[in-house]
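I have placed the structure first, in the form of structure tokens, so that the comments after it can refer back to it.
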Amino acid sequence: MLGVGEKIPDFEATTTQGDRIKYSDFVGKRNLVLFFYPKDDSPGCTREACYFRDTKDEFEKRNAVILGVSLDTETSHQKFQEKHNLNFLLISDKKKELSQMFGVLRLGGLLLLKRVTFIIDKDNIIRKVIHSETDMHTHIDTALETLDSLKG
């Protein structure tokens, strides 16, 4: 798994809306909160995504973009996003490219991801890696604290 202090390689991904984004478009401009989650519309993932939704303004104040990633299809993401009025981008990692790059695939043959959030500063340095399968709010709260520490 990529860790604190490391740089992440550039990547391209397709959002739920079908737009291609490149990580290099954010480097030097915006901090990135990249959260991997197991499954659209499951209870824990819904709580986590809705808390990100409800605090999006706080992330924007800290010059951060939120990207959610799971192995679910684009269609599943679209339904999840619409059902819960999610106001940030979701990425379908069907080919597991991002999941493998970041080391968040579960072992044991499960086709799910670990719940892990990476805070990456605008200079492309991972500043925090947050692990918690059961306390979804810790991902958001710790991400905001980490982004606060980047100021100045």
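Laboratory data are not the source of any read-out in this text; all were calculated from the coordinates shown. The shown structure was predicted, so the numbers you read here are calculated from the model rather than taken from an experiment. Cβ coordinates were reconstructed from backbone atoms using ideal geometry, including for glycine residues, and neighbour counts include every protein chain displayed.
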Taking M101, M136 and counting other C-beta atoms within 10 Å, the order from fewest to most: M101, M136
The stretch 1-98: C-alpha pair distances exceeding 21 Å, %: 32 percent
Eligible aspartates and glutamates near K96 by straight Cα distance, threshold 16 Å, same-chain separation 8 or greater: D10, E12, D40, D72, E74
Relative contact order, percent, the chain [alpha-carbon distance under 8 Å, six or more residues apart]: 31 percent
Extension reserve of the N63-R106 stretch, reckoned as 0.36 nm per residue once the Cα distance is removed: 12.4 nm
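For the pair M1 and E145, what calculated FRET efficiency results from E = 1/(1 + (r/R0)^6), where r is the Cβ-Cβ distance and R0 = 22 Å, to the nearest 0.05? Please report the intermediate quantities before stating the final value.
Values: r = 21 Å, r/R0 = 0.95.
The formula returns an efficiency of 0.60 here.
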Set K94/K151; K39/K128; K79/K122; K83/K151 screened for pairs whose C-alpha atoms are more than 29 Å apart: K94/K151; K79/K122; K83/K151
Proximal aspartates and glutamates relative to K29, as straight alpha-carbon distance under 12 Å, when same-chain residues fewer than 8 apart are discounted: D121, D123
